[in-house]
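Have a look at the structure below before the remarks.
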Amino acid sequence: MIDEKLKKQSPSIDEWLKEAKKDPASLQEGMFLVHNGVVRQTPKVKVREGIDDGSLVKGMEFTYDAAKVEAAIDETYKMNGIFHVRVWLNEGHLQLGDDIMYVLIGGDIRPHVVDALQFLVGKIKSECVTEIENK
């Protein structure tokens, strides 16, 4: 589920975990993983492709398609051993160090949880969001 009510205020991961562990499905879970994406100064093209044009990121414009994110979450729940998925996405003009997203995955064993986190974050980043770095 996308956590719309927390928009612009980063969620408490402690609270997310407490809530997740209250769910009856948590009795099947042996692991939770959290992803916290933040706005960094180093441009994406330098980090991902090694291209250094000397520029630095000063901020970011960030938006997302909620329906696509929900569809990605639904796909993640269909993966082996996954029982809990929660996503929070920021939006608007973000500054360096601001939280872009949080993703929490709960599942039975480490390989399933790692795979699900990799899948969901990759899907969100490649298909559901628009990130425009301000340099």
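Values for this structure:
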| item | result |
| --- | --- |
| Subset of the range 41-90 (residues that are of a type in the set (A, V, I, L, M, F, W, C), more than 30 Å from L27 (Cα to Cα) and surrounded by 14 or more Cβ atoms within 10 Å (Cβ to Cβ)) | V57, M60, F62 |
| Residue satisfying all of: in the range 91-126; loosely packed, with under 13 Cβ neighbours inside 10 Å and out of contact with any strand residue (DSSP E or B) (no Cβ under 9 Å at 6 or more places or on another chain); nearest to Q28 (Cα to Cα) among these | P111 |
| Enumerated helices (runs of 4 or more DSSP H) restricted to the range 8-123, each holding at least 1 residues that are charged (D, E, K, R), more than 30 Å from K135 (Cβ to Cβ) and in contact with an Asp or Glu (Cβ under 9 Å, 6 or more places away or on another chain) | 13-22 |
| Residue check for K5: out of contact with any strand residue (DSSP E or B) (no Cβ under 6 Å at 6 or more places or on another chain), among the basic types (K, R), modelled with pLDDT under 95 and closer than 24 Å to N134 by Cβ | no |
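The values are calculated or read from the model by the stated rules, or taken from the named source; none is laboratory data. What you see is a predicted model; the values in this text were computed from it and never measured. Virtual Cβ from ideal backbone geometry, glycine too; neighbours counted across all protein chains shown.
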